[in-house]
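Student: Okay, handing you the structure first.
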């Protein structure tokens, strides 16, 4: 029997507000342990939470971007469980009146659009961090992260493959980046994700036993874990086994999932309305005010690039994956460059550079007008394709305008005929055997001679011109 | 002047004496501390008294106190569940032993701003769970009005009430979740006010039941209660549930005659438990009001007989959650966690050794009513009945300015009398609890005594944010009684 | 019929992280049962169509600006803790991930 996976995702985003969800402590990452807390986020006796207004605004902004129905009245609840990273032993979260519900995210998959439904978006406070390595017998607690605002985005189980799950995450991350509400950095934990998967006979509509997978540290891990889990479950079902509903952990080294040690008791979170906070009425005015400030989103940008700039669907998708790509692209266009060559630079050299160095687009020193200048230098013939790549690399490394690089480095292509003439002469003189071979009809030695000429000119010779010159001289009968 | 002569005075009397230059704040402090040193060992109104340290602390505060403040040089005694920066704040519980908050409660800040001297650590029932102060982990307080000191002062603010009644305090702050200010005020023969929910910031009040708790004054008369409330009331940006309602000049309102006001008289539940002495004293007080030109009308509070059941669902649910944080991880007491002890052992040992029996009972009750399968039948039902109780009051206050009823069904009972029967103890809160559920202000004022001299209090309740009505009526009544 | 039995109470105590054994368990169970039997009287109150009250005040939308306030020093935080290993607060090893 063939099975199809049914996959859902829960994404937690730390909002990059200046302060925490319910107190004025900074919400930033990387401060010395236990230096970023106050009585409120530590849950000391007698303290009370007060909601950060920016969190509400950003929550609405995100909900609008996913086309959610926003609650008319939202409230907070206490989710109760004992854990040492949770100072109050309850988490202020949202239970039955979350910020938003019933949204969706559209994915462009090989020419078709897949709509993934968003079940709910809610706000909650983050917990502290436990460090287990420091000692054999003790666990260390750093409370800095306690109370940092989290936005949880829960999808319906609408994803049919690990690939779709991966695309969902990529698209979701792009949307969040465009909104500017989170840094979406999985290494720093500002984006975290759990997934759940069950299998069912292909074409069936009933759902199988849901397995939750945790400890996923990258989008790739999500993909691998889902692939593994689909295989594991299919094999078990094939053997006629019944799968338990359980939580499993992804083992990134062993590339497999392992059952999580089962807890002594079933979780009973005893949710009840948070009495220290009042309800929040979200009126139309607030929603439309936030809506007006909503930026263009990746899907809209993709459409615009295809329509206005005649880019292919693929190009448009790559360019809109990061907000910064789009800013570079459009900036270069404003500086006078044509769309396609700019797109090629971003999707080729820039993307390769980012991947090679593990950088985010925002981390690169690159101005849109520099890209325009580079395109212009190639167009005019001042730089050859190869030279341009070198210039591009230097531009990123030094953070300097290509115009300046060309000026100071004498990087201009040699187009002056006298100089090219001298180079060609020298090459032919130094390679009499090749010259003879050519004249015997082995015309492919031209490529070799070209290479020699470029080498001699330190790559500055205009390739077309030097090729013509060499050809011309070789074909001229020696006196 | 005789020792204790100043300690027995009210805020308004002392303010006048200090303003005239007749006494200095230091004279007052000396007199009060000397009396505390002498009397506290038998009454045990304060925990942990170190007179020398108390003196140094108070003198340092006096040096920093703003001279123009409305409470300049006036010591105010603080219940052990209101955070005072750097001072041990334990809620009379072993589990918070040694906890010194690095912050002042908002009410403490406001008192300091007016020049008051903070006198911490009035005894209480552990975490305010109780009606007798016998649930203090550090020993009970005794009612100074009982001849042989064989009676409870009431609770949970029993230390605050006993201190004021025994002239070990000029005035005090307590907290009231189901009667914890009013009932001890009644048992000790003083004035106690539970303000409207949201009138006073709860920031820094160690939470018992967040939707019911309010801080309020325990004082020698209504005027002092008005003075203290005008200092501590008002919206606080640190408390989302504090109301943006302007604070009237309560003291000015004292002068207004209550003539023309209307008192509503409800049919009382639990008549079988109501002592004849209490009933007679309240009836007499009503007569006194009538002779002051106050009208009386019957009002119906048809759901108040359900108040105790409702209260013990809501209050324990919130308490079980609020007390989850006491686990020995971040502050306070942690049970020994030597080799072989797991984290779970630390949790279990710390909480089992750190909490007293009543705290455990309420945590268990609250956990039960919130747990899966029981939530709808208990907690949700309780919140719905709460709505009905609140509606009763809303309706009643369209027909009257204040409601009068006894504060407690009996005068102070004996130590140990109700300790073995928790439900019996809970039932003694029958008249105070509904004010917390409805969020309305309620003030207890002495209105007589039993034949053996135990004080009896009557309770005045008003519509939300109408505390001035209570002060006005209580003050006029006090004046009339004095003759 | 008892609403709280020792068995039920044992589970509740475990949720609340309280150790309850032997005679104490039975005694607490009996007391809680009595109290909850008393509380059962609410079932007789007609509440259909009645909204639950979790706040008596009609307040909403209490917010603060996203502006930083003061933090406690690491010193102060560790100073409160029963056990610490600079710069951390410590507890007996947590085994579960």
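The values are calculated or read from the model by the stated rules, or taken from the named source; none is laboratory data. Predicted, not measured: the structure shown is a model, and the values here were computed from it. So basically every Cβ, Gly included, is an ideal-geometry build from the backbone, and we count neighbours across all protein chains shown.
Student: Please work out if residue A:76 is buried (at least 21 other Cβ atoms within 10 Å of the Cβ) and in the same structural domain as residue A:141 (by TED's automatic domain parsing).
Tutor: Considered against the rule, which asks whether it is buried (at least 21 other Cβ atoms within 10 Å of the Cβ) and in the same structural domain as residue A:141 (by TED's automatic domain parsing), residue A:76 comes out as yes.
Student: Of the residues B:160, B:186, B:175, only one is closer than 20 Å to residue B:12 by Cβ and touching a strand residue (DSSP E or B) at 6+ places or on another chain (Cβ under 9 Å); which?
Tutor: B:160
Student: At the interface with another protein chain (Cβ under 8 Å from one of its Cβ atoms) and more than 19 Å from residue A:277 (Cβ to Cβ): does that describe residue A:66?
Tutor: Taking the combined requirement at face value, the residue does not satisfy it.
Student: Inspect the range A:126-134 for any residue being free of Cβ contacts under 8 Å to residues at least 40 places away in the same chain, part of a strand (DSSP E or B) and more than 30 Å from residue A:89 (Cβ to Cβ) and give the result as yes or no.
Tutor: no
Student: Which count do you get for residues in the range A:341-370 that are surrounded by fewer than 14 Cβ atoms within 10 Å (Cβ to Cβ) and in a helix (DSSP H, G or I)?
Tutor: 8
Student: Another question about this same structure. Looking only at the range B:105-144, filter to residues that are within 14 Å of chain A (Cβ to nearest Cβ) and out of contact with any helix residue (DSSP H, G or I) (no Cβ under 7 Å at 6 or more places or on another chain); which one of those is surrounded by the fewest Cβ atoms within 10 Å (Cβ to Cβ)?
Tutor: My answer is B:109.
Student: Separate question: From the residues in the range B:427-450 that are in contact with a helix residue (DSSP H, G or I) (Cβ under 7 Å, 6 or more places away or on another chain) and surrounded by fewer than 21 Cβ atoms within 10 Å (Cβ to Cβ), which one is nearest to the other protein chains (Cβ to nearest Cβ)?
Tutor: B:427
Student: Considering only the range A:230-250, state which residues are in contact with a helix residue (DSSP H, G or I) (Cβ under 9 Å, 6 or more places away or on another chain) and surrounded by 11 or more Cβ atoms within 10 Å (Cβ to Cβ).
Tutor: A:230, A:243, A:248, A:250 - these are the residues of the range A:230-250 that are in contact with a helix residue (DSSP H, G or I) (Cβ under 9 Å, 6 or more places away or on another chain) and surrounded by 11 or more Cβ atoms within 10 Å (Cβ to Cβ).
Student: Follow-up question, since we're still on this one. Give just the number: which of (1) over 16 Å from residue A:392 (Cβ atoms); (2) part of a helix (DSSP H, G or I); (3) without any contact (Cβ under 8 Å) to a residue 60 or more places away in the chain does residue A:317 not satisfy?
Tutor: Answer for residue A:317: the failing condition is (3).
Student: Kindly provide the set of residues from the range B:313-325 that are within 8 Å of another protein chain (Cβ to nearest Cβ) and either in contact with a helix residue (DSSP H, G or I) (Cβ under 6 Å, 6 or more places away or on another chain) or free of Cβ contacts under 8 Å to residues at least 40 places away in the same chain (or both), ordered by number.
Tutor: Passing the criteria: B:313, B:317, B:320, B:324, B:325.
Student: Taking residue B:237 and the conditions (1) under 25 Å from residue C:64 (Cβ atoms); (2) touching a helix residue (DSSP H, G or I) at 6+ places or on another chain (Cβ under 7 Å); (3) within 13 Å of another protein chain (Cβ to nearest Cβ), which numbered condition does it fall short on, given that it satisfies the others?
Tutor: It fails just one condition, (2).
Student: Within the range A:222-242, which residues are in contact (Cβ under 8 Å) with a residue 12 or more places away in the chain and more than 34 Å from the chain's Cα centre (by Cα)?
Tutor: Of everything in the range A:222-242, those that are in contact (Cβ under 8 Å) with a residue 12 or more places away in the chain and more than 34 Å from the chain's Cα centre (by Cα) turn out to be A:237, A:238, A:242.
Student: While we're looking at this one, here's another question. Of the numbered conditions (1) within 12 Å of the chain's Cα centre (by Cα); (2) not in a helix (DSSP H, G or I), residue A:310 fails exactly one; give the number of that condition.
Tutor: For residue A:310, the failing item is (1).
Student: Are any residues in the range B:83-99 under 17 Å from residue B:208 (Cβ atoms) and within 12 Å of chain A (Cβ to nearest Cβ), and if so, which ones?
Tutor: B:83, B:89, B:90, B:91, B:93, B:95, B:96, B:99
Student: Give me the helices (runs of 4 or more DSSP H) completely within the range A:417-460, filtered to those with at least 2 residues that are within 28 Å of residue A:381 (Cα to Cα), ordered by residue number.
Tutor: Because the criterion is at least 2 residues that are within 28 Å of residue A:381 (Cα to Cα), the helices (runs of 4 or more DSSP H) in the range A:417-460 that meet it are A:417-430, A:445-456.
Student: Give the range A:123-140 a look and list any residue that's at pLDDT 95 or above and more than 10 Å from every other protein chain (Cβ to nearest Cβ), or say none.
Tutor: If the condition is that a residue be at pLDDT 95 or above and more than 10 Å from every other protein chain (Cβ to nearest Cβ), then A:123, A:124, A:125, A:126, A:127 are the ones that fit.
Student: Follow-up question, since we're still on this one. Just the residues that are under 25 Å from the mean Cα position of the chain (by Cα) and over 20 Å from residue B:4 (Cα atoms), please, taken from the range B:48-69.
Tutor: Scanning the range B:48-69 gives B:48, B:57, B:61, B:69.
Student: Of all residues in the range A:277-307 being outside any helix (DSSP H, G or I) and touching a helix residue (DSSP H, G or I) at 6+ places or on another chain (Cβ under 9 Å), which is nearest to residue A:40 (Cα to Cα)? Reasoning before the result, please.
Tutor: Residues of the range A:277-307 that are outside any helix (DSSP H, G or I), as a first pass: A:277-283, A:293-297.
From what is left, the residues that are touching a helix residue (DSSP H, G or I) at 6+ places or on another chain (Cβ under 9 Å) are A:280, A:282, A:293-297.
Values: A:280: 20, A:282: 25, A:293: 32, A:294: 32, A:295: 34, A:296: 37, A:297: 36 Å.
The qualifying residue nearest to residue A:40 (Cα to Cα) is A:280.
Student: I want to confirm something. Restricting to the range C:11-41 and keeping residues that are within 9 Å of another protein chain (Cβ to nearest Cβ) and in a loop (DSSP other than H, G, I, E, B), which single residue is farthest from residue A:90 (Cα to Cα)?
Tutor: Once the filter is applied, the top-ranked residue is C:20.
Conditions (1) under 30 Å from residue B:418 (Cβ atoms); (2) at pLDDT 95 or above; (3) touching a strand residue (DSSP E or B) at 6+ places or on another chain (Cβ under 8 Å), marked per residue:
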| position | (1), (2), (3) |
| --- | --- |
| B:66 | no, no, no |
| B:73 | no, yes, yes |
| B:93 | yes, yes, no |
| B:110 | no, yes, no |
| B:121 | yes, yes, yes |
| B:125 | yes, yes, no |
| B:132 | yes, yes, no |
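Student: From the list C:53, C:90, which one is part of a strand (DSSP E or B) and within 7 Å of another protein chain (Cβ to nearest Cβ)?
Tutor: C:90
Student: Scan (1) over 30 Å from residue A:207 (Cβ atoms); (2) at pLDDT 95 or above; (3) in a loop (DSSP other than H, G, I, E, B) for the single condition residue A:95 breaks and write down its number.
Tutor: (1)
Student: Any residue that is over 28 Å from the mean Cα position of the chain (by Cα), assigned to a helix (DSSP H, G or I), over 24 Å from residue C:23 (Cβ atoms) and facing another protein chain (nearest Cβ under 10 Å) - is there at least one of those in the range B:371-386?
Tutor: The answer is yes; a qualifying residue exists.
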